[in-house]
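Just below is one structure, and these are the notes that go with it.
The values are calculated or read from the model by the stated rules, or taken from the named source; none is laboratory data. Keep in mind that this is a model prediction, so the values were computed, not measured. Cβ atoms come from the backbone with ideal geometry, glycine included; neighbour counts cover every protein chain shown. Surface areas here come from the heavy atoms of the whole protein model, side chains and all, with no ligands, DNA or RNA. Shrake-Rupley method; radii C 1.70, N 1.55, O 1.52, S 1.80 Å.
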Amino acid sequence: MNADQISSETRQSAADIRAARADNPKMRERDLAQILGITEAELVASFVGHGVRRIAPRFEDLFPGLQTVGTVMALTRNESAVHEKIGPFEKFVNGKRAALMLGEQIDTRMFPANWVHGFAVEKADGNDIRRSLQFFDAHGDAVMKIHTRAETDLDAWNTLVEKLVLDDQTPDVLPQVSEAKPFSRKQASEGAEAVLRDRWQAMTDPHQFHGLLKDLDLDRVSAFELAGDAWAWPLDRGAVPALLRLAASENIPIMCFVGNRGCIQIHSGAVATVMDRGPWINVMDPTFHLHLRTDHIHEVWAVRKPADVGHVTSVEAYDSEGQQIIQFFGVRGEGNQERSDWRGLAENLPKLDRAVKLGAAE
């Protein structure tokens, strides 16, 4: 049996999934799941009793426990970007709607309602065992994975796993997952442009932008199209690789955000090693790895938002549906002006004529 011969129209049994995994041992889980027509959560769950255990994604136990294990690798991804940070979990701030993990290396914003399925995974790799905690949303998509490193305290790791393990470890039972509602752009209502521009200019904190979008029932790209060139302008699709290379060559510290329904993960600091591999552009630094599918980038925007001091500038990439792939800011402390080197970099990235861009989107 070969994975590409299995029909995606019929849900596979756990045994079928394990057999397909055995036939394709080097294929990435996400890619194999797509070929099989299942979610990644179903693929991982098929190995319950075979190196995988179900765990509860209880934030009040999970993240304080992770603070005890030392250095790990935290991975957050979406369809087009993979963001990996290596270091310890440090300061955890819990919350019912949103929680934070604050630290020099691992810095996240997490949304507990979307952490639905959890698994502790042990996988043989030659003479070694690779260990991870993997969490998925109601649609079976990964929200975050935490992998051990050579420096991880395995006694503390195993203690945490035992605290999270669920009683039900029945094998060959796949989780119930629901189909995600497709992302769709939102048409602006009559008069929205004037209101948007007035409220945009009146902002005093970039975080107020989310409330503005919600009140006007707009998606981000639609808001950029209405904002005017003073606040947002389209860039060439090659602007993101150019940004990474310039930031590396000029040693300009950046903030890099990659998110999904359940987690946003942030890198703050310099980048140094930037390389291409096929459609991917990669950052491969000691504590930060980024893998970005440049062929998924449909449009890029430079965006200004008023802040506590002056304004801040972001560079944001979107896919063909208008969904955000990745976002960049310059590193800036609260109460400080935006760095002039970052602002100069962002403002001098290759621009796209707005008329051409809007015409292409119609």
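Evaluate E = 1/(1 + (r/R0)^6) for Glu179 and Asp23, where r is the Cβ-Cβ distance and R0 equals 22 Å; express this FRET efficiency to the nearest 0.05.
Working: r = 27 Å, r/R0 = 1.22.
Efficiency at R0 = 22 Å is approximately 0.25.
Share of the range 51-95's accessible area from carbon and sulfur, percent, 1.4 Å?
Numbers: 780 of 1470 Å².
After summing per-atom areas, the C and S share lands at 53 percent.
Suppose we keep just the alpha-carbon trace of the range 267-362; what are its Rg and Dmax in angstrom?
15.0, 43
Please work out the average accessible area per residue across the chain, using the 1.4 Å probe convention, and give it in Å².
Value returned for the chain: 48 Å² of accessible area per residue.
As I understand it, the value is the acute angle between the Cα axis of helix 192-202 and the longest principal axis of the Cα atoms of the chain; what does it come to in degrees, rounded to 10?
Value to nearest ten degrees: 90.
Using a 1.4 Å probe over the heavy atoms of the protein chains, calculate the carbon and sulfur portion of the accessible area of the range 218-278 as a whole percent.
Accessible surface attributable to carbon and sulfur in the range 218-278 totals 52 percent.
Note down the magnitude of the dipole of the chain about its Cα centre, charges +1 on Lys and Arg C-beta and -1 on Asp and Glu C-beta and zero elsewhere, to the nearest 20 debye. Present the calculation step by step, with values, prior to reporting the outcome.
On the way: 41 positive and 53 negative charges, 44 e Å.
It works out to roughly 220 debye.
Note the listed values (1) 1.09; (2) 1.21; (3) 1.04, then indicate which one is Cα Rg over 2.2 N^0.38 Å calculated from this particular structure.
(3)
Report the normalised scattering of the range 199-278 as log10 I(q)/I(0) at q = 0.18, 0.20, 0.23, 0.27 Å⁻¹, calculated by the Debye formula with identical scatterers on the alpha carbons.
-1.05, -1.16, -1.21, -1.24
Obtain the nm distance between the two label points defined at Gln169 and Gln187 by a simple spin-label model: each point lies 7 Å from its Cα along the Cα-to-C-beta direction.
5.5
Can you tell me how the range 111-260 classifies by the Cα gyration tensor, rounded, prolate or oblate, using a/c under 1.5 as the rounded cut?
prolate
Give me the Debye-computed log₁₀ of I(q)/I(0) at q = 0.13, 0.22 Å⁻¹ for the range 40-171, equal point scatterers on Cα only, no solvent, two decimals.
Calculated log10 I(q)/I(0) at the listed q: -0.50, -1.61.
Calculate, for Ala113 and Leu213, the FRET efficiency according to 1/(1 + (r/R0)^6) with r their C-beta to C-beta distance and R0 25 Å; round to the nearest 0.05.
Computed FRET efficiency for Ala113 and Leu213 comes out at 0.80.
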